[in-house]
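Shown next, in structure tokens, is the structure this report addresses.
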There are 2 protein chains.
Amino acid sequence: MNSQHFSTKERILGAAEQLFARLGFAGASLRQVTAAANVNLAAVNYHFGSKENLINEVFRRRLDELNTHRLQALEEALSHPESDLEELLGAFINPALDLSLDRDGGGAFVRVLARAYAEHNDALRKFLSDNYGHVMKRFHAAFAQRLPDLDKEELYWRLDIVAGALTYAMADFGVIKRKSGVTEQQHRERSAEHLIRFAAAGLRAP
Amino acid sequence: MNSQHFSTKERILGAAEQLFARLGFAGASLRQVTAAANVNLAAVNYHFGSKENLINEVFRRRLDELNTHRLQALEEALSHPESDLEELLGAFINPALDLSLDRDGGGAFVRVLARAYAEHNDALRKFLSDNYGHVMKRFHAAFAQRLPDLDKEELYWRLDIVAGALTYAMADFGVIKRKSGVTEQQHRERSAEHLIRFAAAGLRAP
DNA sequence: GTAGCATTCAAACGCGCGTTTTACCTACGA
DNA sequence: TCGTAGGTAAAACGCGCGTTTGAATGCTAC
């Protein structure tokens, strides 16, 4: 993994993603990261300035793509007028699922994201809110249109629950063990199906 | 806080809970913990043996009580035959809510618990499964009785989603900001109400 | 070929970590 | 009154941390 035909920066980002997912931001050291990336220790500070900044770049690399895909999927769903709640939920959930299934680190990244949630880091929250808040607003508007009887604030609460359950499901927090013969991909796909069904009913609750 | 009329052990546990919630297990140092607890640095290793063991004791102290309360609430709900899905969900969710509202550290503990989920620590998972797996089995049986048409495995998935969303909600992961004039208690209480409504509908989904 | 720049490298910096050691205090039963 | 055990105290242990330094190397343009 992280073989030589990737650049030093890319190898560091990939190794950092893996190790942050496994050990946490405080738990993974730059010595472990650079060893896994097969680069010199000083390369992190040379290319990224600091560990803090490396963490930010790990997020930026994936989140830009994720949210672009989410908005594309939403527009696609909205473009044909017969789209139902499940399709809108799919536009939100499936890009995250796809990311988690992406070879080379997507699965690790969703765990990193879950850790970031748990860290409750204010700086990161602001970063997420500033950079990706408009995505949630866009989805909120779309859901509000499909659920005209639902109070706007109530909808915010419910979307927040959906986002939480999604994070939880993608990061494989749950107690449900993957059965032998079921790949990680299949496990996550089923997880997403269950989640969409569950969330659609939850959003429609009176 | 952690004033002198608590024992050294209790002050360490309280301070550790607070700091683990805020900084994580790797992020909070024993020097910070002992300073906050106003005890000597060596007291942790004297009373608990190691940092690792201190972490375990932080969990044990709260989880025994939580699961006892959950099972009591479940029996109470089942005792009157008219109990509906919302009551069963309340038996699962409200003890966690009460714990999170407990003065002296319950609020911190639910965040510690959320961190533990995110850590994906195998030893901890086994500990939780061994010690508290029977609680989930008991709830599963109760829900299965109320939802006879729902496939058993489907129910496991959905309860897992509920547990995830609950963890997320109690730990205040969400992006929903607490409005000024709303206490943390009120915020969490509303969170629980929304969650019960949402989850009940989700569980009833066809 | 060589100057100039970007990158890599080994080594070291000071610091804070978990843990251990050793001495000291205090209370209580013999 | 003294010995002893339980608890607390300060100091130090070795280690791994993030970061910095300065020299060595590779690459590109002239």
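The table below lists the values:
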read-out	value
Shielding by other protein chains, B:150-159, mean Cβ within 10 Å	3
Under Karplus coefficients 6.51, -1.76 and 1.60, residue-wise ³J(HN,Hα) of the range B:179-184 in Hz, glycine/proline x	6, 5, x, 10, 6, 4
Farthest toward positive dipole pole in the protein assembly as shown [+1 Lys/Arg, -1 Asp/Glu at C-beta], among B:107, A:37, A:13	A:37
Contour minus Cα-Cα distance for residue B:50 and residue B:76 (0.36 nm per residue)	5.4 nm
Whole-number accessible area per residue in Å² for chain B, which is evaluated in the context of all protein chains at 1.4 Å	48 Å²
Euclidean distance between Cα centres, the range B:102-165 to the range A:52-130, Å	25 Å
Nearest-ten-degree value, helix A:8-23 long axis tilted from longest Cα axis of chain A	70 degrees
With 5 Å bins from 0: P(r) over the range B:58-204, alpha-carbon pairs, percent	2, 9, 18, 23, 22, 15, 8, 3, 0
For the range B:1-119: Kirkwood Rh in Å [reciprocal of mean 1/r, alpha carbons]	15.4 Å
Helical contribution to [θ] at 222 nm, DSSP H n ≥ 4, -39,500 (n - 2.57), averaged over chain B, rounded to 500	-25500 deg cm²/dmol
Of B:144, B:26, B:169, the one that fluctuates the most in a GNM where chain B has Cα springs shorter than 10 Å	B:26
Within the range A:21-117: Cβ-based charge dipole about Cα centre, in debye rounded to nearest 20 (Lys, Arg +1; Asp, Glu -1)	960 debye
Volume in Å³ per residue [convex hull over Cα atoms, computed for the protein assembly as shown]	166 Å³
Those lysines that a straight Cα-Cα span of less than 28 Å connects to residue A:137, excepting residues fewer than 8 apart in one chain	A:126, A:152, B:177, B:179
Listed residues A:69, A:27, A:85: farthest to the positive end of the dipole of the range A:1-93 (Cβ charges)	A:27
Size of electric dipole in chain B: Cβ of Lys, Arg +1 and of Asp, Glu -1, about Cα centre, debye, nearest 20	820 debye
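The values are calculated or read from the model by the stated rules, or taken from the named source; none is laboratory data. The model shown is predicted, which means the values in this text are computed figures rather than measured ones. Cβ atoms come from the backbone with ideal geometry, glycine included; neighbour counts cover every protein chain shown. Surface accessibility is based on the protein's heavy atoms, side chains included, excluding ligands, DNA and RNA. Shrake-Rupley method; radii C 1.70, N 1.55, O 1.52, S 1.80 Å.
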